[in-house]
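**Q** Sharing a structure with you now.
The values are calculated or read from the model by the stated rules, or taken from the named source; none is laboratory data. Being a predicted model, the structure only gives us computed values, none of them experimental. No Cβ is skipped: glycine too gets one built from the backbone with ideal geometry, and neighbour counts run over all protein chains shown. Note: areas computed on protein heavy atoms with side chains; ligands, DNA, RNA excluded. Shrake-Rupley method; radii C 1.70, N 1.55, O 1.52, S 1.80 Å.
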Amino acid sequence: MTRTVYVNGHYLPEHEATVSIFDRGFLMADGVYEVTSVLDGKLIDFDGHCVRLGRSLSELDMTNPHTDAEWLAIFREVVARNSIVDGMIYLQVTRGNPGDRDFAYPPADLPPTVVLFSQNKPGLADSPAAKTGWKVISVPDMRWGRRDIKTTQLLYPSMAKMMAKAAHVDDSWFVEDGMVTEGTSNNAYIVKGNRIITRALSHDILHGITRAAVLRFASEAQMEVEERNFSIAEAQDADEAFITSASAFVMPVVEIDGKAIGTGAVGKTVPRLREIYLDEMRKAAI
Ligand code: PMP
């Protein structure tokens with residue numbers, strides 16, 4: 001099916017949608033993005049994604065081209081025009097097309113390029129992988145130092161995904177100074193007894209929207225949350241491990257670098273967190 005995408009105020013069939021070759025998103029990865037899930041035709045944690053979009057833009061001295069209400073209307077239109085029941089909406093905002101290529105930012109009044117598109121994923125929340133868990137490998141974190149900004153500069157995460165594929169596993173966990181930062185496109189956690197351990201927020205990791213919700217639900221469910229660094233060795237020795245992201249939700253991790261975590265099967269805590277997360281977020285979806 002031909003998708004209807006959004007480009008700078010227009011809803012177009014995907015093959016008619018164009019962006020300039022001088023766009024700074026294309027030339028310099030000078031842009032930010034957001035990925036928001038849709039379940040039962042409704043947006044999951046839209047407000048969280050809107051807040052992070054605003055923060056990413058402001059950290060790069062870009063003006064937010066829309067109010068939250070305008071964004072919501074555009075998102076809903078993309079969902080409706082593509083009849084998305086379960087899937088994802090991708091939003092990209094770049095610094096636009098200044099004409100001549102130049103490292104310096106163009107004047108702030110240059111209109112940004114705004115693109116939204118959908119990916120249809122029927123049964124997104126019923127992923128069979130949630131029953132068996134992911135296997136991951138560790139790789140050095142060689143990304144830039146402002147990972148808290150959700151930029152479209154995704155080459156190293158792509159390389160790390162390819163390393164995972166080559167190793168016949170599901171993903172890679174990044175390691176810096178001996179400590180896990182996060183996954184290629186997700187936040188990383190371990191579980192020890194009743195305690196969930198995950199790296200604290202800083203410039204080192206993306207401030208996951210799913211992370212914020214899951215940590216809130218974990219506290220409400222009387223689990224302890226400890227925000228601190230952990231190593232691969234500590235993770236391999238944990239009771240359970242998992243990742244979170246807007247598209248994978250809460251996904252168990254059962255093996256790291258060939259070593260089984262706990263029994264090597266999906267434990268009890270992570271599926272419970274996944275269920276709470278999905279239940280609560282479906283209720284709050286808009
Ligand atoms: N870390 C990285 C590097 C990511 O790319 C993502 C997903 N975009 C996440 C964490 C998870 O963030 P969220 O829960 O907002 O999808």
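**Q** Could you grab the pairs with beta carbons closer than 7 Å, sequence gap of 6+ or different chains, first residue in the range 202-215 and open to solvent by 50 Å² or more (accessible area, probe 1.4 Å), second one near the ligand (Cβ under 9 Å from one of its atoms) and part of a helix (DSSP H, G or I)?
**A** Once the first residue is open to solvent by 50 Å² or more (accessible area, probe 1.4 Å) and sits in the range 202-215, its partners that are near the ligand (Cβ under 9 Å from one of its atoms) and part of a helix (DSSP H, G or I) give 212/48.
**Q** What helices (runs of 4 or more DSSP H) completely inside the range 149-244 contain at least 3 residues that are among the small types (Gly, Ala, Ser) and within 16 Å of the ligand (Cβ to nearest atom)?
**A** Working: elements: 155-166, 209-220, 232-236.
The qualifying helices (runs of 4 or more DSSP H) are 155-166, 209-220.
Per-residue answers, yes or no, for (1) more than 26 Å from residue 5 (Cα to Cα); (2) not hydroxyl-bearing (Ser, Thr, Tyr):
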residue	(1), (2)
103	yes, yes
106	yes, yes
129	yes, yes
137	yes, yes
144	yes, yes
158	no, no
178	yes, yes
181	yes, no
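**Q** Taking residue 81 as the residue in question, decide whether it is open to solvent by 70 Å² or more (accessible area, probe 1.4 Å) and modelled with pLDDT of 95 or more. Even if it seems obvious, please write down each step before you answer.
**A** Values: open to solvent by 70 Å² or more (accessible area, probe 1.4 Å): yes; modelled with pLDDT of 95 or more: yes.
When the stated conditions are applied, residue 81 passes them.
**Q** Can you list the strands (runs of 3 or more DSSP E) found entirely within the range 1-86 that contain at least 1 residues being in contact with a Ser or Thr (Cβ under 7 Å, 6 or more places away or on another chain)?
**A** Per the criteria, 10-13, 31-39.
**Q** Quickly run through the range 139-150 and pick out the residues that are touching an Asp or Glu at 6+ places or on another chain (Cβ under 8 Å) and surrounded by 18 or more Cβ atoms within 10 Å (Cβ to Cβ).
**A** 141, 147, 149, 150 - these are the residues of the range 139-150 that are touching an Asp or Glu at 6+ places or on another chain (Cβ under 8 Å) and surrounded by 18 or more Cβ atoms within 10 Å (Cβ to Cβ).
**Q** Is there a residue being of a type in the set (Asp, Glu) and more than 14 Å from the ligand (Cβ to nearest atom) anywhere in the range 65-72?
**A** So in the range 65-72, the residues of a type in the set (Asp, Glu) come out as 68, 70.
Then drop every residue that is not more than 14 Å from the ligand (Cβ to nearest atom), which leaves 68, 70.
So far as the range 65-72 goes, yes, one or more of its residues are of a type in the set (Asp, Glu) and more than 14 Å from the ligand (Cβ to nearest atom).
**Q** If we scan the range 260-268, do we find a residue that is surrounded by fewer than 19 Cβ atoms within 10 Å (Cβ to Cβ), modelled with pLDDT of 95 or more and part of a strand (DSSP E or B)?
**A** yes
**Q** Look through 31, 41, 54, 48 and report the one residue that is assigned by TED's automatic domain parsing to the domain that holds residue 111, within 14 Å of the chain's Cα centre (by Cα) and among the small types (Gly, Ala, Ser).
**A** Working: 31 fails: within 14 Å of the chain's Cα centre (by Cα); 41 fails: within 14 Å of the chain's Cα centre (by Cα); 54 fails: within 14 Å of the chain's Cα centre (by Cα).
The unique qualifying residue is 48.
**Q** Quickly run through the range 107-128 and pick out the residues that are open to solvent by 20 Å² or more (accessible area, probe 1.4 Å) and away from the ligand (no atom under 16 Å from the Cβ).
**A** Selection gives 107, 108, 109, 110, 111, 112, 115, 120, 122, 123, 126, 128.
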